[in-house]
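The next block holds one structure in the form of structure tokens; read it before the comments.
The values are calculated or read from the model by the stated rules, or taken from the named source; none is laboratory data. Note that the structure is a prediction, hence the values are computed from the model and not measured. No Cβ is skipped: glycine too gets one built from the backbone with ideal geometry, and neighbour counts run over all protein chains shown. Note: accessible area is taken over every heavy atom of the protein model, side chains too, but ligands, DNA and RNA are not part of it. Shrake-Rupley method; radii C 1.70, N 1.55, O 1.52, S 1.80 Å.
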Amino acid sequence: MSATWSTPRWPSSLLWAHYSLRSRTLYLRPPFQPRTSPRHQRCLLSSQSQPAGRPLLTLAIETSCDDTCVAVLEKFRGAGDAARLLYNKKITSDNRQFRGVHPMTAVASHTQHLATMVREAMRSLPEVPGARVAKGGDSFEGKILSESKRALWVDGQARQKPDFVTVTRGPGMMSNLSTGLNTAKGLAVAWDVPVLGVNHMQAHALTPRLVSALEAGNRERAQTQRQGQEQEQEQEQEQEQEREQGESPQTALEETGSEKPAFPFLSLLVSGGHSLLVLSRSLNDHAILAEAQNIAVGDMLDKCARAIVPPIEIADGADVMYGPMLERFAFPGAAASPGRDASYNYGYQYEYEYAPPPARADEIKVYDSGCGWHLTPPLSGTTDMAYEFAGLNGQILKILLERPDMAVPERRLLARHAMRLAFEHLASRLLLALAKSTDESECEGNLLRDIRTVVVAGGVASNRYLMHILRSVLDARGYDHIGLVCPPLPLCTDNAAMIAWTGMEMYEAGWRSELDILAIRKWPLDPNAEGGGILGASGWKKATDREL
């Protein structure tokens, strides 16, 4: 059984999302589909060569944990990094009986679904330009594929072959990673194209750049449609129509679009396996400023959810995404009002009645619930650049052990403040890092002074309370000029679209992977860490001038 994705309010770049109740998976498709010839027809490929500025095309696979993900991404060269997501699908393995991710169950799900998803993705590849219907039908059979090296036959239709295959190489669970990596290698060999094994956490950090490219592609399509309309209508009639309808679609897109985060920027990568504050200097240079000493924030939220949320609500859940379950339990039916910043709250700002701590002294105060229990903020006695969530998790479990019959309203109170303290702890190290920008003695001070964007990515970034706290704290502490960028909800959690985009950036930078690469369980981002960071892994090669 695959996990159900709730359908959020989409930003303009992803308005073509389609949710399938039958398969219980999410598809992202463009708003139009290319016309295909009937299956019984055959196409003879024209010998006409591809234009020099043709788009780059990749098929991407992500299997680092329990999500089987496949995507097809098209990127237009020399068009302001505009991109189009042709296919994006995710199926999550059913781990409910284990109350967490079970590696072998996840591997079985990958094995069951991956090949079928790749076949579906191939059907979304663009048609080959210049293809023509052959007269006489079968008389040209056997000659068609020899006409072009860039063609694949999919259900009787000639489609463009991807320029390369992108796959998650690490970090993650070895068996799970290997399932996707071996599939990607097989496709690369069969199609005679390069393979790119990319870093999963690097992909999360670059996701807002993907969103910006998708929005640019959406604007270009809107512009193209407008130009087509202008050819059919007189200028006066078009202007009158715009006056009657108000804002044009193009204007609306520009106002809701987000700018591509430029290096350097800060990345807060938060998930079930990672809690990292990263200074992203360039594509492959990401310095770790703070990381979790023990469990990750997502792991803590999952553990707290299993203890706080009543068992009957957990049993009714469709998956093991306990963190989102904790958020829904803590804020049931939260009233939404139009928000000021669609980039971090997807157009809506919830009324949490949250007051950010105005100073460090307020941030580290012990919380008194008034119900006989207290919560101490993590690492309240130090300003070390580190995260610590096991202690807070232990406090919460102890409270519930002492009060097994805690009423639901009190459990909601505990859930809210468990999240609040965890998220303020994340914000505290972000504030400490930003404060270094005024310290001339710090080697990173110069780069930090240039920071104008904080990227929040990873599964926990889908938590709206986290985004609300981060924005509120930054504003209250004098950093209201810092932009807070977060991907749309489906792109926060694991997905193949971010893997495809990372492949695009690495490919254009000239990087390729050897066919003998292996999966990497732990693959640090920081080039100064043991192993040398992203490019420290074995198996990288630089493309020749001819290949570029």
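For the stretch 353-387, the set of residues classified as under 34 Å from the mean Cα position of the chain (by Cα), among the aromatic types (Phe, Trp, Tyr) and open to solvent by less than 30 Å² (accessible area, probe 1.4 Å) consists of 387 only. For residue 497, indicate whether it is modelled with pLDDT of 95 or more, of a type outside the set (S, T, N, Q) and in contact with a Gly (Cβ under 8 Å, 6 or more places away or on another chain). For residue 497, the condition - modelled with pLDDT of 95 or more, of a type outside the set (S, T, N, Q) and in contact with a Gly (Cβ under 8 Å, 6 or more places away or on another chain) - is not met. Scanning the stretch 443-489 for residues that are among the small types (Gly, Ala, Ser), closer than 30 Å to residue 88 by Cα and not in a helix (DSSP H, G or I) yields 457, 458, 483.
Residues in the stretch 170-199 that are open to solvent by 10 Å² or more (accessible area, probe 1.4 Å) and of a type outside the set (A, V, I, L, M, F, W, C): 171, 172, 175, 178, 179, 182, 183, 185, 186, 192, 194. Scanning the stretch 473-525 for residues that are open to solvent by 10 Å² or more (accessible area, probe 1.4 Å) and without any contact (Cβ under 8 Å) to a residue 60 or more places away in the chain yields 478, 479, 480, 481, 514, 516.
Filtered by the rule that a residue be at pLDDT below 95 and assigned to a loop (DSSP other than H, G, I, E, B), the stretch 102-125 gives a lone residue, 102.
Selection over the stretch 382-398 of residues that are assigned to a loop (DSSP other than H, G, I, E, B) and either modelled with pLDDT under 95 or within 21 Å of residue 270 (Cα to Cα) (or both) gives a count of 6.
Restricting the stretch 388-408 to residues that are farther than 17 Å from residue 309 by Cβ and not aliphatic (A, V, I, L, M), the residue that is least open to solvent (accessible area, probe 1.4 Å) is 389. Residues that are among the basic types (Lys, Arg) and more than 20 Å from the chain's Cα centre (by Cα) do not occur anywhere in the stretch 522-537. Each residue in the stretch 431-452 was checked for being out of contact with any Leu (no Cβ under 7 Å at 6 or more places or on another chain) and either modelled with pLDDT of 95 or more or open to solvent by less than 30 Å² (accessible area, probe 1.4 Å) (or both), and 3 of them qualify.
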